[in-house]
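For reference, the structure is listed below as structure tokens.
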Amino acid sequence: MLITEKLYELFKNQIVHENQNSIIYKNVSAYLQRIGLKNLGAFFTKQSSDETGHRDLLIDYLTDINVPVLIDDVPYVNVDMSSLSSIAHFALNREIETTNRIKAMCVQALDDEDILTYEFLLSFIKEQREEIAVSQDLVDNIDDMNSDMGLIRLFDQNYEF
Ligand SMILES: [Fe+2]
Ligand SMILES: [Fe+2]
């Protein structure tokens with residue numbers, strides 16, 4: 001095999017993690033659409049499909065280097081949707097966690113002197129910079145609105161992504 005067992009395990013876990021991200025964001029999107037926050041809902045649907053894109057990049061890389069892939073089951077993650085603030089904080093923390101996981105994969109690849117995988121992971125982790133920035137903006141804006149649904153609805157009407 002072209003990657004070590006250790007790195008392969010991290011890839012398999014990350015495929016599940018990205019699938020989980022996708023489901024989390026789709027659940028959030030459905031909730032937001034249901035309470036009439038259409039643009040924020042659409043934003044999370046876009047995030048959800050970006051996450052399946054990340055999953056596919058990982059799968060494509062393993063396939064390219066002739067490593068077998070079987071996607072594991074995705075454990076359910078409960079998201080506190082009691083307020084917009086808790087949703088935004090959850091998304092930000094999730095993006096930070098995702099970034100830390102990919103960092104750990106980069107470190108493992110370097111440890112393995114696996115430059116091919118390291119180079120792939122660098123391009124993969126680049127996306128996280130924007131993911132964190134966008135999530136941080138959402139947290140800042142929503143926290144400023146202090147659960148005022150009138151303000152949040154106005155924010156939603158003008159939200160562009
Ligand atoms: Fe992702
Ligand atoms: Fe993400």
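Remarks
- Ordering L2, I152, I115 by the projection of their Cα atoms onto the charge dipole of the chain, which places +1 on the Cβ of Lys and Arg and -1 on the Cβ of Asp and Glu, puts I152 at the extreme positive end.
- As a proxy for reagent exposure, K12, K6 were ordered by neighbouring Cβ count within 10 angstrom, fewest first; the result is K6, K12.
- Evaluated with a Cβ-only charge set (Lys, Arg +1; Asp, Glu -1), the range 15-80 carries a dipole of roughly 460 debye about its Cα centre, given to the nearest 20.
- Rounded to the nearest 20, the size of the Cβ-charge dipole of the range 10-161 about its Cα centre is 580 debye, with Lys and Arg at +1 and Asp and Glu at -1.
- Neighbour counts of C-beta atoms inside 10 Å place L40, L2, L58 in the sequence L2, L58, L40, starting with the fewest.
- Residues K46, K126, ranked from the fewest to the most other C-beta atoms within 10 Å, line up as K126, K46.
Bear in mind that the values in this text are calculations on the coordinates, not laboratory data. Note that this is a predicted model, so its numbers are computed, not measured. We place every Cβ from the backbone using ideal geometry, glycine too, and count neighbours over all the protein chains shown.
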